[in-house]
Amino acid sequence: MKGSTDGAMPQSALSELLEALCAGDGVDLIRGSVFSGPGGFPKFESTWEGDRRWTSALDSDPEGRCVMPDQVEVPQLDDLSELGVVVEVSEEPGVASVTAWAKDGSSVTCTWNEIAGSATIRCIDGDEEWLDLYREAVSKVSVRSHRGGVQFLVWSRSEGVGGELLVQVGERVMMRDVVLRM
């Protein structure tokens, strides 16, 4: 990248990039592409010189100015080792999965993407997937011990709507999904 020896993006280039992304224009300073990411956020993914990657999800406020979506609160992966779950970290930045098993043999996998602000819950009984839920506008993901099992909670909120998806994994899998106008 011109004018940069350490691969860091100059502040003026960052400002120009954000303006271009919101306007939908191309960007001359960086090789890459703009596409619609999860949640409808414009998402920019680019390969820098030296194959350094930078990925971001953006949103716009009511006046059309670019803003970053709220940070998604997720569990500290090191804290989950005591729960008897399997933790998988993706090569994609900000993506992780946690799988727990019920005593009846069913499994539940919660996958979140901090950058996209999304989460997925998948429930499998034997070889059959019986539930696949996807949430956008996620504000918090929680994985914790609950009554001898594991509890997954996914909170989401968007303009005028808030939701809580609860999945308990113990003797069997139990779920509650609530979406309310705020």
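The values are calculated or read from the model by the stated rules, or taken from the named source; none is laboratory data. All values reported here derive from a predicted model rather than from experimental measurement. As a convention, Cβ positions derive from the backbone with ideal geometry for all residues, glycine included, and neighbour counts pool all protein chains shown. Remember, those area values only see protein heavy atoms, side chains included, never the ligands or the DNA or RNA. Shrake-Rupley method; radii C 1.70, N 1.55, O 1.52, S 1.80 Å.
Checking each residue in the range 124-145 for being touching a Gly at 6+ places or on another chain (Cβ under 9 Å) and over 15 Å from Arg172 (Cα atoms) picks out Arg135, Glu136, Ala137, Val138, Ser139.
Within the range 103-113, being open to solvent by less than 50 Å² (accessible area, probe 1.4 Å) and either touching a helix residue (DSSP H, G or I) at 6+ places or on another chain (Cβ under 9 Å) or of a type outside the set (A, V, I, L, M) (or both) holds for Gly105, Ser106, Ser107, Thr109, Cys110, Thr111, Trp112, Asn113. Picking from residues in the range 114-168 that are open to solvent by 70 Å² or more (accessible area, probe 1.4 Å) and among the aromatic types (Phe, Trp, Tyr), the one that is farthest from Glu73 (Cα to Cα) is Trp130. Which residues, counting only those in the range 169-182, are exposed (fewer than 15 other Cβ atoms within 10 Å of the Cβ), over 19 Å from the mean Cα position of the chain (by Cα) and not β-branched (Val, Ile, Thr)? Answer for the range 169-182, where residues must be exposed (fewer than 15 other Cβ atoms within 10 Å of the Cβ), over 19 Å from the mean Cα position of the chain (by Cα) and not β-branched (Val, Ile, Thr): Glu171, Arg172, Met174, Arg176, Leu180, Arg181, Met182. Restricting attention to the range 77-102, and to residues there that are over 26 Å from Asp127 (Cβ atoms) and under 15 Å from the mean Cα position of the chain (by Cα), which single residue is least open to solvent (accessible area, probe 1.4 Å)? Here the residue is Gly94. Just one of the numbered conditions (1) charged (D, E, K, R); (2) closer than 18 Å to Gln71 by Cα; (3) part of a loop (DSSP other than H, G, I, E, B) is not true of Lys103: (2). With respect to Val72, determine if the residue is modelled with pLDDT under 95 and buried (at least 18 other Cβ atoms within 10 Å of the Cβ). When the stated conditions are applied, Val72 passes them. Would you mind stating whether Gly162 is on the phi > 0 side of the Ramachandran plot and at pLDDT below 95? No, not satisfied. Only residues that are closer than 21 Å to Val87 by Cβ and either without any contact (Cβ under 8 Å) to a residue 24 or more places away in the chain or under 21 Å from the mean Cα position of the chain (by Cα) (or both): list them for the range 148-168, please. Residues satisfying the conditions are Gly148, Val150, Gln151, Phe152, Leu153, Val154, Trp155, Leu165, Leu166, Val167, Gln168.
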